[in-house]
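As structure tokens, the structure follows; a few thoughts come after it.
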Amino acid sequence: MNRIAACFERLAEQGRQALIPYITAGDPAPGVTVPTMHAMVEAGADIIELGIPFSDPMADGPTIQLACERSLKHGTRLLDVLEMVKTFREQDQQTPVVLMGYLNPVEVLGYDAFAEQASAAGVDGALIVDLPPEEAEGDFDRAMKANGLDTIYLLAPTTEESRIEQVCNAGSGYLYYVSVKGVTGSASLDVQSVSDKLDVVRKYTNLPVGVGFGIKDAASAKAVSDVAEGVIVGSVLVNKIASLVQQQEQIPAAVSAIVAELRAAMDA
């Protein structure tokens, strides 16, 4: 059993839901990322989504676009992100790490090289935003499965039921449900509509579902944890990082404080 499956199984036995924070690797500088990852785990994070910085993050709003810009100023590459995961694994062999990003850097490296090096570094899965299941079939899926990596796919409020079935059949690890229409950091959360959509999703899969986009505080995290197996939080953490670009030594503690608040609300 891989780390993602083991994590969700352990949480299910405890009657708890996964808290899955997202940060962009290398934001605002490469040396900040690994300490922040460890701090988030200590504060209650169950799985970490680590963003691969990209120059054209089309699914993301201004918050994560700017995070990518800050990271790229230091020349952060996909190989640097893998090195960060490798360093993280020197102290933490349990917490799953999922890479989240866009296809171009992966294609430049090559599917086989990406999967092999990601697995060797200690990555557990990847969510490639602009790689739908029908395009992943073949070389990408083969490389991921051969290296024991999960491929995580997105579902949205506008996803039709036939498409939901297709995505559920293709995905592994967990599914990422985008709770609002639009880019990251936009719109407001309607938990009842999320719950209704997840009822449809669960007709086609036993995979855990993590819900992201629109979760901004303890109240929204708690509300989503009542209807989903995972709560994915990104923009609020990345905004905190952005506010401390000139005080980088404060970032791990500041981000972990938010994670701890969300964890406490989810467990209440």
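Derivation of every value follows stated rules applied to the coordinates shown; laboratory data play no part. Just so it is clear, the model here is predicted, and its values are computed rather than measured. Cβ coordinates were reconstructed from backbone atoms using ideal geometry, including for glycine residues, and neighbour counts include every protein chain displayed.
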With +1 on the Cβ of every Lys and Arg and -1 on the Cβ of every Asp and Glu, the dipole magnitude of the chain about its Cα centre, in debye rounded to the nearest 20, is 500 debye
Only helices counted: for the chain, with every DSSP H run of 4 or more residues adding -39500 (n - 2.57) and the sum spread over all residues, [θ] at 222 nm is -15000 deg cm²/dmol
Length-normalised contact order of the range 3-267, Cα under 8 Å, at least 6 apart, in percent, tallies to 24 percent
Simple spin-label estimate for residue 74/residue 59, 7 Å along Cα→Cβ, in nm, reads 2.4 nm
Residues meeting the amide H criterion for residue 24 (H placed from the backbone, H to H distance under 5 Å, 5 or more places apart or on another chain) are 51
For the range 127-142, in residue order, the Karplus 3J(HN,Hα) values (coefficients 6.51, -1.76, 1.60; θ = phi - 60°; whole Hz; Gly and Pro = x) are 10, 9, 4, 9, 10, x, x, 5, 8, 7, 4, x, 5, 5, 4, 4
Under the Karplus relation with 6.51, -1.76 and 1.60 and θ = phi - 60°, whole-Hz ³J(HN,Hα) for the range 21-35, x at Gly and Pro, equal x, 10, 9, 8, 4, x, 9, x, 7, x, x, 7, 5, 5, x
Placing each pseudo-label 7 Å from Cα in the direction of the beta carbon, residue 169 and residue 146 end up separated by a distance in nanometres of 2.4 nm
With x for Gly and Pro, the residue-by-residue ³J(HN,Hα) of the range 42-55, computed from phi through the Karplus equation 6.51 cos²θ - 1.76 cosθ + 1.60 at θ = phi - 60° and given in whole Hz, is 4, 8, x, 5, 9, 9, 10, 9, 10, x, 8, x, 9, 6
Listed by chain and number, the residues whose amide H is under 5 Å from that of residue 216, excluding neighbours fewer than 5 places away on the same chain and using placed H, are 221
extent check for the chain: Cα max minus min per principal axis, descending, whole Å, gives 46, 43, 34
The rounded separation in angstrom of the Cα centers of the range 104-170 and the range 1-38 is 18 Å
Among 247, 237, 155, the residue whose Cα sits farthest towards the positive end of the charge dipole of the range 3-267, when +1 is placed on the Cβ of each Lys and Arg and -1 on the Cβ of each Asp and Glu, is 247
Residues meeting the amide H criterion for residue 19 (H placed from the backbone, H to H distance under 5 Å, 5 or more places apart or on another chain) are 46, 47, 231
Relative contact order as a percentage, the range 59-142, C-alpha pairs under 8 Å and 6+ apart, gives 35 percent
